[in-house]
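Participant: Please find one structure pasted underneath; my questions will follow.
The values are calculated or read from the model by the stated rules, or taken from the named source; none is laboratory data. Predicted, not measured: the structure shown is a model, and the values here were computed from it. Using ideal geometry, Cβ is built from the backbone for each residue, glycine included, and neighbour counts are taken over all protein chains shown.
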Amino acid sequence: MRYTLISFSILVFFLFSGLASLAQISHGGYPYFKKTASQMKFETVLMPVEKMFNLKSERASESRSRLKHAKFAHEFIVDKTSENSGTWTVLSTGQRVWNLAIASPGAYSLSIVFEEFRLPKGGKLFVYNYTNDTVLGAYTEKNNKTSGRFAIEPLAGDDLIIEYIEPINPEFDAELKLGKVYHDFKNIFRIMDSKSSQVKSASGACNVNVNCPEGLNWQVEKRAVCHITYGGFIASGTLINNSKKDGRPYILTAHHVIHEESLAQQAIFYFNYEAETCEGTMGSKSQSISGSNLRATTNRLDFTLLEMSSIPPSIYQPYYAGWDRSGSIPNQTVCIHHPSGDVKKISMDQDPSGTATYTDSDYTFDTNTHWHISNWEWGTTEGGSSGSPLFDTQHRIIGDLTGGDANCSNSVDDYFAKFSSSWDTYPAKENQLKHWLDPDNTGVFVLDGYNPSIQLNKDIACVESYVEVSFNFGMDYDSYSWNFGAGATPSASTEKGPHTVQYSTSGVKQVSLVYSLGEVSENEFTSLVVVDETEPEFTYLFKQKSFDFRDASKNALTYLWNFGDGQTSELMNPNHEYQNSGQYLVNLTVGNVCGDRSITKNINTSYGAELEVYPNPSKNVKTRVDLNAVLFNRIDWWLYDTRGAERLSGFVSQYNAFIDLDLRPFPAGIYILKLDIDGSIVNRKVVVL
């Protein structure tokens, strides 16, 4: 069976949504005037949409850009505070409530940025609208940033209401200054059913969900990749490890994405935004962090390093991706990203990357500082993918996406800024990665990823094999409650561990731990993929002596083809051209953590040997010529009797899979079917009984 992977982070969210108060960016609660808002006379600030830019011109300009960030919203600059705008209401309890409504007709969604945001303890701020059931917030003093800025994610609809509930006898008056309103003109989030955390598929059909079988071996690294919104744009980024392995929340993205402190401060980072299944189109955007600081960038190299305002909480299952700064040429590469603001996707190039120079009308980066992806074997990238990581076969970051021409129609030519060039080409700490990612100057060239939660000695295990499960507590706790997931032996434990666990079934296993000290309980979660042995199988299409081999194996992670003529390949779906006609024994060996298994087939470069005619002989039924194994442009065919007289003729194009011959009216006897396959002649004997 082929796997349909389930996003564990999404499952965790639904199972433990009650823990949301422990995490960014909101803290629960409900606004006072939500249910009566339609009867309230709130002051409304109307955005001057008639003065918006020319959308047709803007979209035409964007379509010509090779950079792969994407604009989805128009920015309106405002200056509205709790002192100069809005409506204050005094409740019977003596509490005060401030409301301000924003309207921007025609917007698919609205998002806002406070240029000043400082709340006293006990203060709560919400964002909602008249018709949408979604409520964003409460935002509290825990959301106060050192920068003073605070960005709030998009809310479906073309209006919103800000509500601040002031505590009785506050420590100080809240500082609230609304500075920007973003009018979503592209519906980039495909918001539907009034649920701002649920979206439809937005990217091209060739893109592959990260929880498809192609992403089987990338279920850990995917947790490092995040979707970013900033200043009316969308992009991608990666949570990245440093040599201290201390969980400092650095995000690697591109210079052309964010290179100003003000944009870094208002950026929002969404984690685990992915479809639950391979075919899924919906994802939750509930796990987010607002705000960051710009640590390093330069307009000579297309990288930016940000430090988020908060450490991702354990319920986000954060993973800090490893990296390789050696500059070694990768044999294959993988990109995990959010094309067009869609749920998380995965793309692969099965060929070595080349060194290239990227230039366009907006940027001229240093010579030979990019990796060139000549062709994606599956998936592609789109606007919104900018800043996403390029991984090598060791699952380490070697670059971040700048742009290119690749799309679903023609997935060729993408360019990633080299991690090795971004490392220390320029000596100032604000222009390099080295100062931040190797703070102790260890000189390390490669660094593996860091998983701060439950530790497993393997990310993918074979059925009936043993897995070591542990957790670095740092101290002793009063109690421990482990659950090792379906099919595990043991299934649970109340001992600290470490534990040795065996799984009797395949699938994605959910490992959870609840540990407590006094009245305080904490939760940790992780996932493990358990696989069966491989079942090797392959098919092929051919045109003369050129064969397109297609893997049809189950549970395979590695591939080794032997074409029978001394040539081999490690690609999943290779193309091979034989120099000489004849018969060849083709062997495919596939492997995973359970070991290797092989299959061998005898192939023939002759069309005649590969064309199947059935039933033959026939009696009172149609005869069919199966063309499925052959690649061709056109086939002309004729049917002759033994005297050489033509009885039937016709032709088929490359889009046909069969030739059907109705020989039922013909007298019993032997007939000759002649086929001209792109100039190659094949004769087959056909018998009618």
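Participant: Within the range 258-288, can you find the residues that are aliphatic (A, V, I, L, M) and closer than 23 Å to F117 by Cβ?
Facilitator: We begin by selecting, within the range 258-288, every residue aliphatic (A, V, I, L, M); these are 258, 263-264, 267-268, 275, 282.
I258, L263, A264, A267, I268, listed by residue number.
Participant: Just to check your reading of the model, which residue among E468, E524, E537 is closer than 21 Å to D596 by Cα, acidic (D, E) and under 32 Å from the mean Cα position of the chain (by Cα)? Let's see the steps before the verdict.
Facilitator: Working: E468 fails: closer than 21 Å to D596 by Cα; E524 fails: closer than 21 Å to D596 by Cα.
Unique residue meeting the criteria: E537.
Participant: When W482 is evaluated against the numbered criteria (1) in contact with a Gly (Cβ under 9 Å, 6 or more places away or on another chain); (2) under 25 Å from P213 (Cβ atoms), which criterion, by number, is the only one it fails?
Facilitator: Evaluating W482 over (1) in contact with a Gly (Cβ under 9 Å, 6 or more places away or on another chain); (2) under 25 Å from P213 (Cβ atoms) leaves (2) as the failure.
Participant: Is it the case that some residue within the range 292-314 is in a loop (DSSP other than H, G, I, E, B) and under 19 Å from the mean Cα position of the chain (by Cα)?
Facilitator: yes
Participant: Next question. Output the residues belonging to the range 564-597 that are within 30 Å of V463 (Cβ to Cβ) and more than 32 Å from the chain's Cα centre (by Cα).
Facilitator: Across the range 564-597, the qualifying residues are V586, N587.
Participant: I need a count of the residues in the range 384-436 that are within 21 Å of F269 (Cβ to Cβ) and of a type in the set (S, T, Y).
Facilitator: Qualifying residue count for the region: 5.
Participant: Next question. Quick check on this structure: which one of V412, V463 is outside the structural domain of S353 (by TED's automatic domain parsing), over 16 Å from A254 (Cα atoms) and either surrounded by 15 or more Cβ atoms within 10 Å (Cβ to Cβ) or aliphatic (A, V, I, L, M) (or both)?
Facilitator: Details: V412 fails: outside the structural domain of S353 (by TED's automatic domain parsing).
Going through V412, V463 in turn, the sole match is V463.
Participant: Could you grab me the full set of residues in the range 635-682 that are in contact (Cβ under 8 Å) with a residue 40 or more places away in the chain, farther than 18 Å from S618 by Cβ and not acidic (D, E)?
Facilitator: Across the range 635-682, the qualifying residues are I635, I677, S680, V682.
Participant: Here are some residues: T367, T393. Which one is assigned to a loop (DSSP other than H, G, I, E, B) and out of contact with any strand residue (DSSP E or B) (no Cβ under 9 Å at 6 or more places or on another chain)? Spell out the reasoning first.
Facilitator: Details: T393 fails: out of contact with any strand residue (DSSP E or B) (no Cβ under 9 Å at 6 or more places or on another chain).
Sole residue among the options that is assigned to a loop (DSSP other than H, G, I, E, B) and out of contact with any strand residue (DSSP E or B) (no Cβ under 9 Å at 6 or more places or on another chain): T367.
Participant: Okay, moving on. Being on the phi > 0 side of the Ramachandran plot and buried (at least 22 other Cβ atoms within 10 Å of the Cβ) is the filter here, so list the residues in the range 527-559 that pass it. Let's see the steps before the verdict.
Facilitator: Initially, the range 527-559 is screened for residues on the phi > 0 side of the Ramachandran plot, giving 544, 555.
Of everything in the range 527-559, just one residue is on the phi > 0 side of the Ramachandran plot and buried (at least 22 other Cβ atoms within 10 Å of the Cβ), namely N555.
Participant: Go through the range 610-633 and report how many residues are surrounded by fewer than 19 Cβ atoms within 10 Å (Cβ to Cβ) and among the hydrophobic types (A, V, I, L, M, F, W, C).
Facilitator: In the first step, residues of the range 610-633 are kept if they are surrounded by fewer than 19 Cβ atoms within 10 Å (Cβ to Cβ); the result is 610, 612-617, 619-622, 624, 626, 628-629, 631, 633.
If we keep only those that are among the hydrophobic types (A, V, I, L, M, F, W, C) too, we end up with 613, 621, 629, 631.
Total meeting the criteria: 4.
Participant: In the list L528, L560, L571, which residue meets the criterion of being of a type in the set (A, V, I, L, M, F, W, C), closer than 24 Å to E276 by Cα and at pLDDT 85 or above?
Facilitator: Details: L560 fails: closer than 24 Å to E276 by Cα; L571 fails: closer than 24 Å to E276 by Cα.
Answer to the selection: L528.
Participant: Is it the case that some residue within the range 146-164 is surrounded by fewer than 23 Cβ atoms within 10 Å (Cβ to Cβ), assigned to a strand (DSSP E or B), within 28 Å of the chain's Cα centre (by Cα) and not assigned by TED's automatic domain parsing to the domain that holds S310?
Facilitator: Scanning the range 146-164 turns up at least one residue that is surrounded by fewer than 23 Cβ atoms within 10 Å (Cβ to Cβ), assigned to a strand (DSSP E or B), within 28 Å of the chain's Cα centre (by Cα) and not assigned by TED's automatic domain parsing to the domain that holds S310.
Participant: Mind checking which residues of the range 328-343 are assigned to a loop (DSSP other than H, G, I, E, B), buried (at least 20 other Cβ atoms within 10 Å of the Cβ) and of a type outside the set (D, E, K, R)?
Facilitator: Passing the criteria: P330, H338, V343.
Participant: Can you find a residue in the range 313-327 that is of a type in the set (D, E, K, R) and crowded, with 24+ Cβ neighbours inside 10 Å?
Facilitator: no
Participant: Give the residues of the range 239-260 that are free of Cβ contacts under 8 Å to residues at least 40 places away in the same chain and either crowded, with 16+ Cβ neighbours inside 10 Å or more than 13 Å from L294 (Cα to Cα) (or both), sorted by residue number.
Facilitator: The initial filter retains those residues of the range 239-260 that are free of Cβ contacts under 8 Å to residues at least 40 places away in the same chain, namely 246, 260.
Of everything in the range 239-260, just one residue is free of Cβ contacts under 8 Å to residues at least 40 places away in the same chain and either crowded, with 16+ Cβ neighbours inside 10 Å or more than 13 Å from L294 (Cα to Cα) (or both), namely D246.
Participant: Residue under question is V590, and the condition is that it be at pLDDT 90 or above, over 30 Å from A486 (Cα atoms) and among the aliphatic types (A, V, I, L, M); does it hold? Steps first, please.
Facilitator: Details: at pLDDT 90 or above: yes; over 30 Å from A486 (Cα atoms): no; among the aliphatic types (A, V, I, L, M): yes.
No; evaluated as a whole, the condition is false for this residue.
Participant: Also, quick follow-up: Kindly evaluate E468 against the criterion of being outside the structural domain of C212 (by TED's automatic domain parsing), of a type in the set (D, E) and either under 29 Å from T367 (Cβ atoms) or part of a strand (DSSP E or B) (or both).
Facilitator: So E468 fits the description; yes.
Participant: Identify, by number, the condition in (1) touching a Phe, Trp or Tyr at 6+ places or on another chain (Cβ under 7 Å); (2) at pLDDT 95 or above; (3) β-branched (V, I, T) that V220 doesn't meet.
Facilitator: Of the numbered conditions (1) touching a Phe, Trp or Tyr at 6+ places or on another chain (Cβ under 7 Å); (2) at pLDDT 95 or above; (3) β-branched (V, I, T), the odd one out for V220 is (2).
Participant: While we're here: Which of (1) more than 30 Å from E382 (Cα to Cα); (2) modelled with pLDDT of 95 or more; (3) charged (D, E, K, R) does K145 not meet, given it meets every other one?
Facilitator: With respect to (1) more than 30 Å from E382 (Cα to Cα); (2) modelled with pLDDT of 95 or more; (3) charged (D, E, K, R), K145 is out only on (2).
Participant: Here is a list: N562, N656, N604. Which entry is touching a Ser or Thr at 6+ places or on another chain (Cβ under 6 Å) and over 30 Å from V467 (Cα atoms)? Working first, answer last.
Facilitator: Values: N656 fails: touching a Ser or Thr at 6+ places or on another chain (Cβ under 6 Å); N604 fails: touching a Ser or Thr at 6+ places or on another chain (Cβ under 6 Å).
Exactly one of N562, N656, N604 is touching a Ser or Thr at 6+ places or on another chain (Cβ under 6 Å) and over 30 Å from V467 (Cα atoms), namely N562.
Condition check ((1) closer than 30 Å to K545 by Cα; (2) buried (at least 16 other Cβ atoms within 10 Å of the Cβ); (3) in contact with a helix residue (DSSP H, G or I) (Cβ under 7 Å, 6 or more places away or on another chain)) across all residues:
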| residue | (1), (2), (3) |
| --- | --- |
| L639 | yes, yes, no |
| A657 | yes, no, no |
| L661 | yes, yes, no |
| R664 | no, no, no |
| L673 | yes, yes, no |
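Participant: Just to be sure before I move on: is A264 among the small types (G, A, S), touching an Asp or Glu at 6+ places or on another chain (Cβ under 7 Å) and buried (at least 24 other Cβ atoms within 10 Å of the Cβ) in the structure I sent? Please lay out each step first, then the result.
Facilitator: Values: among the small types (G, A, S): yes; touching an Asp or Glu at 6+ places or on another chain (Cβ under 7 Å): no; buried (at least 24 other Cβ atoms within 10 Å of the Cβ): yes.
Answer is no for this residue.
Participant: So, one more: Given the structure, is M282 surrounded by fewer than 19 Cβ atoms within 10 Å (Cβ to Cβ), of a type in the set (A, V, I, L, M, F, W, C) and on the phi < 0 side of the Ramachandran plot?
Facilitator: Values: surrounded by fewer than 19 Cβ atoms within 10 Å (Cβ to Cβ): yes; of a type in the set (A, V, I, L, M, F, W, C): yes; on the phi < 0 side of the Ramachandran plot: yes.
Here the answer is yes, as M282 does meet what is asked.
Participant: Within the range 213-232, track down each residue that is over 10 Å from the mean Cα position of the chain (by Cα), closer than 30 Å to A73 by Cβ and either without any contact (Cβ under 8 Å) to a residue 60 or more places away in the chain or outside any helix (DSSP H, G or I) (or both).
Facilitator: Correct list: I228, T229, Y230, G231, G232.
Participant: Next up: So S347 fits all but one of (1) surrounded by fewer than 19 Cβ atoms within 10 Å (Cβ to Cβ); (2) within 29 Å of A73 (Cβ to Cβ); (3) polar (S, T, N, Q); what number is the exception?
Facilitator: Among (1) surrounded by fewer than 19 Cβ atoms within 10 Å (Cβ to Cβ); (2) within 29 Å of A73 (Cβ to Cβ); (3) polar (S, T, N, Q), S347 violates only (1).
Yes/no per residue for (1) more than 15 Å from V334 (Cα to Cα); (2) hydroxyl-bearing (S, T, Y); (3) buried (at least 18 other Cβ atoms within 10 Å of the Cβ):
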| residue | (1), (2), (3) |
| --- | --- |
| T380 | no, yes, yes |
| S385 | no, yes, yes |
| P427 | yes, no, no |
| Q432 | yes, no, yes |
